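Trainee: The structure is given below, and queries will be raised subsequently.
The values are calculated or read from the model by the stated rules, or taken from the named source; none is laboratory data. These numbers come from a predicted model, not from an experiment. Please note: Cβ atoms are built from the backbone with ideal geometry, for glycine as well, and neighbour counts cover all protein chains shown. Accessible surface is based on the protein model in full, side chains and every heavy atom, while ligands, DNA and RNA are left aside. Shrake-Rupley method; radii C 1.70, N 1.55, O 1.52, S 1.80 Å.
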Amino acid sequence: MDNTKYIALSRQMALWKQMDIVSNNMANMNTTGYKQDDAVFTSYMVQTPEATGFGRVPVYFTMDYGQYQDFTEGAIINTGNTFDLVSRGDNFFAVETQQGEMYTKKGSFTLDANGQLVTMDGHPVLSENNEPFFFAPGEKDISVAANGDITTENGVIGRLKLVKFADNQKLSKVSDTLFANRTGNAMTVGAEDVQVVQGALEQSNVNSITEMTKMIKLQRSYEIVQAMIDEEHERLSNTITAYSQLV
(Lines give C-alpha, C1' and ligand atoms only; values in the text may rest on other atoms or scores of the structure.)
Protein backbone atom coordinates (compact mmCIF):
# COMPACT_ATOMS: atom_id res chain seq x y z
CA MET A 1 0.00 0.00 0.00
CA ASP A 2 1.38 3.39 -0.98
CA ASN A 3 1.46 6.60 1.01
CA THR A 4 -1.80 7.91 -0.49
CA LYS A 5 -3.84 5.12 1.03
CA TYR A 6 -2.03 5.33 4.37
CA ILE A 7 -2.80 9.04 4.58
CA ALA A 8 -6.43 8.52 3.57
CA LEU A 9 -6.95 5.70 6.06
CA SER A 10 -5.41 7.71 8.90
CA ARG A 11 -7.88 10.51 8.16
CA GLN A 12 -10.77 8.07 7.83
CA MET A 13 -10.04 6.45 11.19
CA ALA A 14 -9.91 9.87 12.84
CA LEU A 15 -13.26 10.81 11.30
CA TRP A 16 -14.77 7.53 12.51
CA LYS A 17 -13.61 8.24 16.05
CA GLN A 18 -15.06 11.74 15.89
CA MET A 19 -18.39 10.40 14.63
CA ASP A 20 -18.54 8.04 17.61
CA ILE A 21 -18.06 10.99 19.97
CA VAL A 22 -20.67 13.14 18.25
CA SER A 23 -23.13 10.23 18.20
CA ASN A 24 -22.71 9.74 21.94
CA ASN A 25 -23.25 13.46 22.54
CA MET A 26 -26.45 13.36 20.53
CA ALA A 27 -27.66 10.29 22.42
CA ASN A 28 -27.22 12.20 25.69
CA MET A 29 -28.87 15.47 24.68
CA ASN A 30 -31.57 14.86 27.32
CA THR A 31 -29.34 13.31 30.01
CA THR A 32 -29.30 15.42 33.17
CA GLY A 33 -25.82 16.71 34.03
CA TYR A 34 -24.18 15.28 30.91
CA LYS A 35 -21.02 17.05 29.70
CA GLN A 36 -20.27 16.76 26.00
CA ASP A 37 -17.02 15.44 24.58
CA ASP A 38 -15.02 16.76 21.65
CA ALA A 39 -12.28 15.08 19.64
CA VAL A 40 -8.71 16.32 19.44
CA PHE A 41 -6.63 15.50 16.37
CA THR A 42 -3.23 16.49 15.13
CA SER A 43 -1.16 16.04 11.99
CA TYR A 44 2.37 14.76 12.09
CA MET A 45 4.99 14.72 9.40
CA VAL A 46 6.84 11.65 8.23
CA GLN A 47 10.05 11.98 6.22
CA THR A 48 9.96 9.23 3.61
CA PRO A 49 12.88 8.16 1.39
CA GLU A 50 11.03 9.67 -1.59
CA ALA A 51 10.62 13.04 0.14
CA THR A 52 13.96 14.41 -0.96
CA GLY A 53 15.10 16.66 -3.74
CA PHE A 54 13.33 19.40 -5.65
CA GLY A 55 9.52 19.32 -5.50
CA ARG A 56 9.47 16.57 -2.88
CA VAL A 57 7.47 17.08 0.34
CA PRO A 58 7.11 15.03 3.52
CA VAL A 59 3.97 12.97 4.12
CA TYR A 60 1.38 14.21 6.65
CA PHE A 61 -0.73 11.78 8.66
CA THR A 62 -3.76 12.43 10.89
CA MET A 63 -3.45 11.14 14.45
CA ASP A 64 -6.25 10.63 16.97
CA TYR A 65 -4.73 12.63 19.82
CA GLY A 66 -7.58 12.14 22.27
CA GLN A 67 -10.65 14.01 23.42
CA TYR A 68 -11.55 16.73 25.86
CA GLN A 69 -14.66 17.37 27.92
CA ASP A 70 -16.70 20.53 27.75
CA PHE A 71 -17.71 21.42 31.32
CA THR A 72 -19.77 24.45 30.36
CA GLU A 73 -22.82 24.66 32.60
CA GLY A 74 -26.03 23.38 31.05
CA ALA A 75 -29.42 25.08 31.29
CA ILE A 76 -31.01 25.06 34.75
CA ILE A 77 -34.66 24.04 34.92
CA ASN A 78 -36.92 24.18 37.96
CA THR A 79 -38.60 20.91 38.95
CA GLY A 80 -39.85 21.64 42.46
CA ASN A 81 -38.69 18.19 43.60
CA THR A 82 -37.07 18.11 47.05
CA PHE A 83 -34.12 15.95 46.04
CA ASP A 84 -33.39 17.56 42.68
CA LEU A 85 -30.23 19.60 43.20
CA VAL A 86 -27.88 21.72 41.10
CA SER A 87 -24.26 22.40 42.01
CA ARG A 88 -23.40 25.61 40.19
CA GLY A 89 -20.04 26.30 38.56
CA ASP A 90 -17.22 23.76 38.69
CA ASN A 91 -18.34 22.05 41.90
CA PHE A 92 -19.31 18.37 41.71
CA PHE A 93 -21.38 16.13 43.97
CA ALA A 94 -19.45 13.23 45.54
CA VAL A 95 -21.01 9.75 45.50
CA GLU A 96 -19.83 6.34 46.64
CA THR A 97 -19.66 3.50 44.10
CA GLN A 98 -18.27 -0.02 44.09
CA GLN A 99 -15.19 1.39 42.32
CA GLY A 100 -14.69 4.05 44.99
CA GLU A 101 -15.62 7.71 45.25
CA MET A 102 -16.87 9.29 42.04
CA TYR A 103 -18.11 12.74 41.09
CA THR A 104 -21.12 13.95 39.15
CA LYS A 105 -23.09 16.99 38.03
CA LYS A 106 -26.27 14.93 37.82
CA GLY A 107 -28.22 16.02 40.88
CA SER A 108 -31.39 13.98 40.44
CA PHE A 109 -31.36 12.15 43.78
CA THR A 110 -33.91 10.07 45.64
CA LEU A 111 -34.39 8.04 48.83
CA ASP A 112 -33.96 4.27 48.83
CA ALA A 113 -35.97 1.81 50.92
CA ASN A 114 -33.75 2.57 53.95
CA GLY A 115 -34.23 6.32 53.74
CA GLN A 116 -30.74 6.84 52.32
CA LEU A 117 -30.06 9.65 49.83
CA VAL A 118 -28.85 8.02 46.61
CA THR A 119 -28.47 8.66 42.89
CA MET A 120 -30.94 7.15 40.45
CA ASP A 121 -28.41 4.33 40.02
CA GLY A 122 -28.38 3.66 43.76
CA HIS A 123 -25.02 5.26 44.61
CA PRO A 124 -25.01 6.88 48.09
CA VAL A 125 -24.55 10.65 48.09
CA LEU A 126 -21.70 11.62 50.44
CA SER A 127 -21.44 14.28 53.12
CA GLU A 128 -18.27 16.23 53.94
CA ASN A 129 -17.63 13.57 56.61
CA ASN A 130 -17.67 10.92 53.84
CA GLU A 131 -20.83 9.46 55.34
CA PRO A 132 -24.16 8.84 53.57
CA PHE A 133 -27.33 10.75 54.44
CA PHE A 134 -30.23 8.97 56.15
CA PHE A 135 -33.69 10.38 56.78
CA ALA A 136 -36.14 9.15 59.38
CA PRO A 137 -39.53 7.97 58.06
CA GLY A 138 -41.34 10.92 59.63
CA GLU A 139 -38.98 13.65 58.39
CA LYS A 140 -40.70 15.72 55.72
CA ASP A 141 -39.50 19.31 56.07
CA ILE A 142 -36.29 18.78 54.10
CA SER A 143 -34.34 21.72 52.74
CA VAL A 144 -30.90 22.17 51.19
CA ALA A 145 -29.08 25.47 51.71
CA ALA A 146 -26.83 27.15 49.15
CA ASN A 147 -23.74 25.94 51.06
CA GLY A 148 -24.93 22.32 50.88
CA ASP A 149 -26.33 22.00 54.42
CA ILE A 150 -29.24 19.57 54.54
CA THR A 151 -31.78 20.23 57.31
CA THR A 152 -35.07 18.77 58.46
CA GLU A 153 -37.49 19.74 61.20
CA ASN A 154 -35.01 18.03 63.53
CA GLY A 155 -32.08 20.25 62.54
CA VAL A 156 -28.98 19.96 60.33
CA ILE A 157 -28.13 16.37 59.41
CA GLY A 158 -25.02 17.11 57.36
CA ARG A 159 -23.43 19.05 54.52
CA LEU A 160 -23.13 17.76 50.98
CA LYS A 161 -19.60 16.95 49.88
CA LEU A 162 -19.05 19.38 47.02
CA VAL A 163 -15.66 19.18 45.36
CA LYS A 164 -13.69 21.26 42.90
CA PHE A 165 -10.65 20.18 40.90
CA ALA A 166 -7.51 21.96 39.79
CA ASP A 167 -7.99 20.68 36.23
CA ASN A 168 -11.32 19.27 35.07
CA GLN A 169 -9.65 17.84 31.95
CA LYS A 170 -7.81 15.37 34.17
CA LEU A 171 -11.10 13.81 35.23
CA SER A 172 -11.81 10.42 33.67
CA LYS A 173 -15.35 9.84 32.44
CA VAL A 174 -16.41 6.51 33.93
CA SER A 175 -19.95 6.70 32.57
CA ASP A 176 -21.97 9.38 30.84
CA THR A 177 -22.38 11.38 34.08
CA LEU A 178 -19.82 9.89 36.51
CA PHE A 179 -16.20 11.03 36.74
CA ALA A 180 -13.14 9.70 38.56
CA ASN A 181 -10.22 11.87 39.61
CA ARG A 182 -6.67 11.09 38.51
CA THR A 183 -3.63 10.98 40.73
CA GLY A 184 -2.03 14.38 41.11
CA ASN A 185 -5.13 16.40 40.29
CA ALA A 186 -5.70 18.52 43.40
CA MET A 187 -9.21 18.46 44.84
CA THR A 188 -10.84 21.06 47.10
CA VAL A 189 -13.80 20.19 49.31
CA GLY A 190 -16.25 22.98 50.12
CA ALA A 191 -14.79 25.72 47.93
CA GLU A 192 -15.80 29.32 48.59
CA ASP A 193 -17.91 29.51 45.44
CA VAL A 194 -20.17 26.57 46.36
CA GLN A 195 -23.77 27.27 45.40
CA VAL A 196 -26.45 24.61 45.58
CA VAL A 197 -29.92 25.12 44.15
CA GLN A 198 -32.75 22.91 45.44
CA GLY A 199 -35.72 21.90 43.32
CA ALA A 200 -33.87 22.23 40.02
CA LEU A 201 -31.70 20.22 37.63
CA GLU A 202 -28.83 21.03 35.30
CA GLN A 203 -29.55 19.83 31.80
CA SER A 204 -27.08 18.42 29.28
CA ASN A 205 -24.83 21.07 27.74
CA VAL A 206 -25.07 19.45 24.29
CA ASN A 207 -26.28 21.79 21.56
CA SER A 208 -28.38 19.60 19.27
CA ILE A 209 -28.08 21.89 16.23
CA THR A 210 -24.30 22.15 16.56
CA GLU A 211 -23.86 18.40 16.94
CA MET A 212 -26.15 17.65 13.99
CA THR A 213 -24.13 20.06 11.85
CA LYS A 214 -20.92 18.31 12.94
CA MET A 215 -22.37 14.93 12.04
CA ILE A 216 -23.33 16.07 8.52
CA LYS A 217 -19.86 17.54 7.92
CA LEU A 218 -18.17 14.39 9.23
CA GLN A 219 -20.26 12.14 6.99
CA ARG A 220 -19.42 14.24 3.96
CA SER A 221 -15.71 14.26 4.81
CA TYR A 222 -15.77 10.49 5.29
CA GLU A 223 -17.42 10.00 1.91
CA ILE A 224 -14.83 12.26 0.21
CA VAL A 225 -11.95 10.30 1.73
CA GLN A 226 -13.59 7.00 0.74
CA ALA A 227 -13.99 8.26 -2.82
CA MET A 228 -10.29 9.17 -2.87
CA ILE A 229 -9.37 5.66 -1.68
CA ASP A 230 -11.59 4.09 -4.36
CA GLU A 231 -10.08 6.29 -7.07
CA GLU A 232 -6.56 5.46 -5.95
CA HIS A 233 -7.40 1.76 -5.95
CA GLU A 234 -8.76 2.04 -9.47
CA ARG A 235 -5.68 3.96 -10.59
CA LEU A 236 -3.34 1.29 -9.26
CA SER A 237 -5.44 -1.48 -10.81
CA ASN A 238 -5.37 0.23 -14.19
CA THR A 239 -1.62 0.76 -13.91
CA ILE A 240 -1.01 -2.89 -13.08
CA THR A 241 -3.28 -3.99 -15.93
CA ALA A 242 -1.56 -1.71 -18.41
CA TYR A 243 1.90 -2.86 -17.30
CA SER A 244 0.97 -6.53 -17.54
CA GLN A 245 -0.10 -6.04 -21.14
CA LEU A 246 3.34 -4.62 -22.00
CA VAL A 247 5.35 -7.55 -20.66
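Trainee: Determine the per residue accessible area of region 123-203 with all protein chains present and a 1.4 angstrom probe, expressed in square angstrom.
Mentor: That works out to 51 Å² for each residue.
Trainee: Something else about it: Are there trypsin sites (Lys or Arg not before Pro) in region 79-152 that DSSP marks as loop and that have at most 14 other Cβ atoms within 10 Å, and which are they?
Mentor: K140
Trainee: List the lysines whose Cα sits under 22 Å from the Cα of K164, skipping any in the same chain fewer than 8 residues away.
Mentor: K35, K105, K106, K173
Trainee: One quarter of the convex hull surface, Cα atoms only: what value does that give for region 101-187 in nm²?
Mentor: If you wrap the Cα atoms of region 101-187 in a convex hull and average its projections, you get 6.2 nm².
Trainee: Work out the FRET efficiency for D70 and N129 from their Cβ-Cβ distance, taking R0 = 25 Å, and round it to the nearest 0.05.
Mentor: 0.20
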